Amino acid sequence: MDKKFKVTLLLAIILAFSLGLSGVVFAEVPFEVKTSIGFNGFYKYEYVTPINIEVKNNVKDLNGKIQVLFENTASSDKKLYTAYTKDIDIAEGTTKTINMEFKLDRHIGEYKVRILDENDKVIWENKPIAFPSAKASNTVGVGILSDEYESLGYLPLMVFSNPEDSSGKRATVMCDLSEQLPTDTRFLEMLNVIIINNYNTEKLTTEEKNALNQWINNGGVLLIGTGPSYNKTLKGLEDFNYINVTGTSTITEFKNMKDSSGDPFTPNSPLQIINATSDTGNVILEEEKRPIIFAKSSGKGKIIISVFDLGLSPFLDWSGKDKFIQSILAGDISGVYTGNNIRSHNYPYKFHSINQYIPTDKAPSVKVIITILMIFTIIAGPINYLVLRILDKREMAWITIPALSIIFSLVMLIWGSGTSFKNPLMNNVSVISINNELNSYDISTHSGVISFKNGDVNISSSENTAIFPNISYGYNDYMNFNNEDIVLEYILQKNNTISFKDRGVWDIQQITLKETKKLEQNIIQDLKLKEDIISGEIKNNTNMDLEDAFLFYSYGFHKLGDIKSGESKSISFSFNTLNSSNKSGAMQKDLYPLLDSIYPWNSNPTVVNNQKTTLTEDIKRRILEDYLVYNDDFINNGLYLIAWNTDNLSSDITVNGKVVERIDRNIITMKIDLKYEKGDLVEIPYGILSPLVLEMTGLDYQPYERSFFGQGDVVMSVKSDEKIDFKEININLTYARLSSGNKVWLYNYDNNQWDEVTGFNIVIDRNNKDNYYDEVQGAKLKISLDGNDHMWMPKFSVKGVAK
């Protein structure tokens, strides 16, 4: 009995010990995990967002991985995941914070965290966690750097129009950056504006300032408040400050400082300001010839400097302070005011259709295959029969036919080996945006990648190249997966990697790559506008050829031809002689007639379906069409250079560790900065400048036609070029095609009322400028549609003298 008891006790001890080793001990909280998303709880859908994961290791040393998993909402009845994975090395008894990033879809409601060992075995997993409330992707994010954060608490009162939803408005949300200014520019992209006010900027690190500078160059708006604490605020902003401060003073009466409703600033006490000048910035608001607001473009963004503190009385006591800041920012928050329906997060589908085909010169020739099969059929059939009949050896057919089959198979194999794909293929359409001011160019590459292998497809880019998938799998793509499988994995290491799971030989992985490269030599543009004549020279000092180049504005263009590397092109033409799809020049409203004028449509479908490595006219048309539609701001403002190129300009990727073969089609764009000589008469024709939409209610916007439809109102701002002292602005409503049921008003800043307009031509000149034009907001036009017809975007021209 004692012996049986001892054996039973021993077995029980062994069983308990083995259970402990196999995972029961993990029930005793092996890892304590805490997560935080965004910065200070702020993040937006569809933007790269930081997630910080704090892990406390209560068990043995771990050298493994940590994963964040989101359920794939398109996977129908199966629970499948997208995973973000990062290595983790954490000793027993220690705590470590792992920083990761992800792009959150609005349809994903929860996430979970996994910890894997060195063999990729899951050793810990939490229950799904609900995401904290995210802000809508169109929310206006305002980051704040201030030692008096609460003093700017009025900023969320700003409400902006939402061009993508006629019934809604864009809310404004503040985010305190004082303790956590991201050094990763991608995290700053969810912010539209950053305000620095009464803040010790010497605390900013070099990395933080570099990220801030890159964010501005990418399109962000920096607003700096000064006033009594100007030295504290400006001292650490050497790379951002473009004003010269000569002292301080006060101002008591204001004539031009008004909110967006036209109500003037009438303080009860003097406003403390700095006395400042600037050699490079523009004064956009002044009082008694003293600058109040400065502005300067930097890359795609802008730096605005106020001569007063944004959080001190008497400005803080003004009921219109939020509307004033709103008016200052008007036109500079990307995608809000340009009157377009910019879908910056959508994918250009014609790019997709181009890079999903295998080019004909990369695939085996169908004609050669058919010819070989026909020869085999003739030889193995009648010829073989006739020869054996003549030799009276017809019984040998059972030997000759297999022999001929083997011989022809070897021929096919040898020939095919010379035409097959030895490496993965990268089929690209790239948008190259040149920024001469920054001596750089941005590359956005839309690529279709084929691995020619079954299994996982691991696509890796360099550290400085962002990579992400474009289009979700279709329903059929999920049929081979089991419940709880990972279908897409982001491997967050030094080299950015996306892993598409369980793909077929001919499956195409659609991805986008984004990067910025240094421009060793610029494209020198020396173009001057005098009256309506553009003249000067474009010199291509870059190492890239500009093929089939043309100047483009609104819906007019001027062909330049090729400008090879090192070559120059002299230019002289009148805006009135620009090519267009009809005699009205830039007044043309529809995109398709313009494309027909530049690249006439070829109705032969084989030109599209049999893609070639070189750029055909039809491929150029398709690329240009998608580019213009998905960058509607491009065709509404200014003069641009457009050209083509087939060189390898973007960085290489690897697929499953192999170097890829490439096919490159590049559209190159660059904004032309026209020069004016002081005192010259300048005539800016219709189409160079475009109205900015301030508000839109009850209407929808069609980017293809640049037209409004529905029943409701739209309020627009019409502004002259800041470098021109305008004498006349002519707003022509004829081309808006207004019907008799539509009404038009012009805002009267003198009495803060809307004055109804009759006729189709509105002229603002010296006689009525004080009534209808504001230096900050321009002329405000309100149009009411009755729902019976479309209205196209109005056009306006400017005549004046260069400052």
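The values are calculated or read from the model by the stated rules, or taken from the named source; none is laboratory data. If you're wondering where the values come from, they're calculated on a predicted model, not measured in any experiment. Cβ placement follows ideal geometry from the backbone for every residue including glycine, while neighbour counts extend to all protein chains displayed. Please note that ligands, DNA and RNA were not included when accessible areas were found on the heavy atoms of the full protein model with its side chains. Shrake-Rupley method; radii C 1.70, N 1.55, O 1.52, S 1.80 Å.
Probe radius 1.4 Å, ligands and nucleic acids left out: which of VAL629, VAL245 has the largest accessible area, and how do the rest follow? Intermediate values should be presented prior to the final figure.
Details: VAL629 5, VAL245 50 Å².
Heavy-atom accessible area, descending, gives VAL245, VAL629.
On the full set of protein chains, 1.4 Å probe, figure out the accessible area of ASP596 and give it in Å² to the nearest 10.
70 Å²
Checking the a/c ratio against 1.5 first, then a/b against b/c, what shape does the Cα gyration tensor give for segment 32-130?
Numbers: a/c = 2.35, a/b = 1.43, b/c = 1.65.
It is oblate, given that a/c is not under 1.5 and a/b is not larger than b/c.
First compute the accessible area of segment 755-803 with a 1.4 Å probe, then give the percent of it belonging to carbon and sulfur atoms.
The value for segment 755-803 is 39 percent carbon and sulfur by accessible area.
What do you reckon, how do THR400, THR758 stack up by accessible area (1.4 Å probe), largest on top? Don't jump to the answer; show the numbers that get you there.
Values: THR400 35, THR758 120 Å².
Of THR400, THR758, the descending order of accessible area is THR758, THR400.
Could you run the Karplus curve 6.51 cos²θ - 1.76 cosθ + 1.60 with θ = phi - 60° over segment 640-646 and give me ³J(HN,Hα) per residue in whole Hz, x for Gly and Pro?
Listing the rounded values in order: 10, 9, 10, 8, 10, 6, 10 Hz.
Roughly how much of LEU595 is accessible, in Å² to the nearest 10, using a 1.4 Å probe?
In the full protein context, LEU595 sits at about 0 Å².
Pairs to check: LYS367/LYS620; LYS103/LYS518; LYS719/LYS795; LYS719/LYS803; LYS296/LYS803; LYS44/LYS518. Give those whose C-alpha atoms are more than 19 Å from each other in this structure. Don't skip to the answer; put the middle values down first.
Values: LYS367/LYS620 28 Å; LYS103/LYS518 27 Å; LYS719/LYS795 12 Å; LYS719/LYS803 16 Å; LYS296/LYS803 16 Å; LYS44/LYS518 30 Å.
Where the Cα-Cα span goes over 19 Å, the pairs concerned are LYS367/LYS620; LYS103/LYS518; LYS44/LYS518.
Of the peptides 224-230, 171-177, how do they stack up when ordered by the mean number of other Cβ atoms within 10 Å, highest first?
Values: 224-230: 22.1, 171-177: 19.7.
Answer by packing, highest mean first, reads 224-230, 171-177.
Of all the accessible heavy-atom surface of segment 32-130, with the other protein chains kept in place and a 1.4 Å probe, what percent is carbon and sulfur? Provide the component values of the computation, followed by the final result.
On the way: 1980 of 4700 Å².
Carbon and sulfur together cover 42 percent of it.
SER717: accessible area at probe 1.4 Å, nearest 10 Å²?
So the heavy atoms of SER717 present about 10 Å² to solvent.
Counting only residues 5 or more places away or on other chains, whose amide H sits under 5 Å from the amide H of SER137 once H atoms are built in the peptide plane?
It is TYR45, by chain and number.
Carbon and sulfur: what percent of segment 140-340's accessible surface (1.4 Å probe)? Don't skip to the answer; put the middle values down first.
On the way: 3230 of 7770 Å².
Summing carbon and sulfur atoms, their accessible area is 42 percent of the total for segment 140-340.
So with the 1.4 Å probe, I'd like the accessible area per residue for segment 682-803, rounded to whole Å².
Ligands and nucleic acids excluded, the result is 41 Å² per residue.
Given a 1.4 Å probe, how much area per residue of segment 61-110 is accessible, in Å²? If you can, show how the numbers build up before the last one.
On the way: 2370 Å² over 50 residues.
Accessible area per residue: 47 Å².
Would you please give the residues with an amide H less than 5 Å from that of ASN541, counting only those at least 5 places away or on a separate chain, with H modeled from the backbone geometry?
Counting only residues 5 or more places away or on other chains, the set is ILE523, ILE524, GLY566.
FRET efficiency for ASN767 and GLU148, Cβ-Cβ distance as r, R0 = 60 Å, nearest 0.05?
Working: r = 45 Å, r/R0 = 0.76.
That gives a FRET efficiency of 0.85.
Once each part is reduced to its C-alpha centroid, what is the distance from segment 226-300 to segment 385-407 in angstrom?
Distance between centres, Cα-based: 98 Å.
Could you list the residues of segment 91-119 with an amide nitrogen less than 11 Å from a label point located 7 Å from the Cα of ASP61 in the Cα-to-C-beta direction?
Flagged as within label range: 91-92.
Order TYR599, TYR773, most accessible first, counting only protein heavy atoms with a 1.4 angstrom probe. Don't jump to the answer; show the numbers that get you there.
Details: TYR599 0, TYR773 25 Å².
Highest to lowest solvent-accessible surface, that is TYR773, TYR599.
For a 29 Å ceiling on Cα separation, which of these pairs sit above it: LYS34/LYS232; LYS34/LYS60; LYS494/LYS517; LYS96/LYS514; LYS209/LYS675? Walk me through the intermediate numbers first.
On the way: LYS34/LYS232 37 Å; LYS34/LYS60 19 Å; LYS494/LYS517 18 Å; LYS96/LYS514 31 Å; LYS209/LYS675 31 Å.
Exceeds cut-off: LYS34/LYS232; LYS96/LYS514; LYS209/LYS675.
Check cross-link reach from LYS569 to the aspartates and glutamates: straight Cα distance under 18 Å, and skip same-chain residues fewer than eight apart.
Partners within reach: ASP526, GLU537, ASP545, GLU547, ASP548, ASP673.
Whole-Hz ³J(HN,Hα) for each residue in segment 709-724, computed from phi via Karplus 6.51 cos²θ - 1.76 cosθ + 1.60 with θ = phi - 60°, x for glycine and proline: what do you get?
These are the phi-based 3J(HN,Hα) values: 8, x, 10, x, 10, 9, 10, 10, 10, 10, 10, 7, 4, 5, 8, 10 Hz.
Step through the residues of segment 242-251 one at a time and calculate ³J(HN,Hα) from phi using the Karplus curve (6.51 cos²θ - 1.76 cosθ + 1.60, θ = phi - 60°), rounding each to whole Hz and writing x for Gly and Pro.
Couplings: 10, 10, 10, 9, 10, x, 10, 7, 10, 9 Hz.
Determine the dipole magnitude for segment 689-802: charges of +1 sit on the beta-carbon of Lys and Arg, -1 on that of Asp and Glu, nothing else is charged, the reference point is the Cα centre, and the result goes in debye to the nearest 20. Please list the in-between numbers first.
Values: 12 positive and 17 negative charges, 65 e Å.
The dipole magnitude comes to about 300 debye.
Arranged from highest to lowest average of other beta-carbon atoms within 10 Å per residue, in what order do the peptides 431-437, 460-466 appear?
Peptide ranking by packing, descending: 431-437, 460-466.
Around ASP774, which amide H atoms from residues at least 5 apart in sequence, or from another chain, sit under 5 Å from its own amide H, with H modelled in the peptide plane?
Sorted by chain and number, the residues that satisfy this are ALA779.
What is the extension gain from GLU238 to SER261, computed as 0.36 nm multiplied by their sequence separation minus the C-alpha to C-alpha distance, in nm to one decimal?
Values: separation 23, 0.36 × 23 = 8.28 nm, distance 3.52 nm.
Computed gain between GLU238 and SER261 is 4.8 nm.
How high is the FRET efficiency from ARG394 to LEU373, r the C-beta distance, R0 25 Å, rounded to 0.05? Don't skip to the answer; put the middle values down first.
Values: r = 24 Å, r/R0 = 0.97.
After rounding to 0.05, the efficiency reads 0.55.
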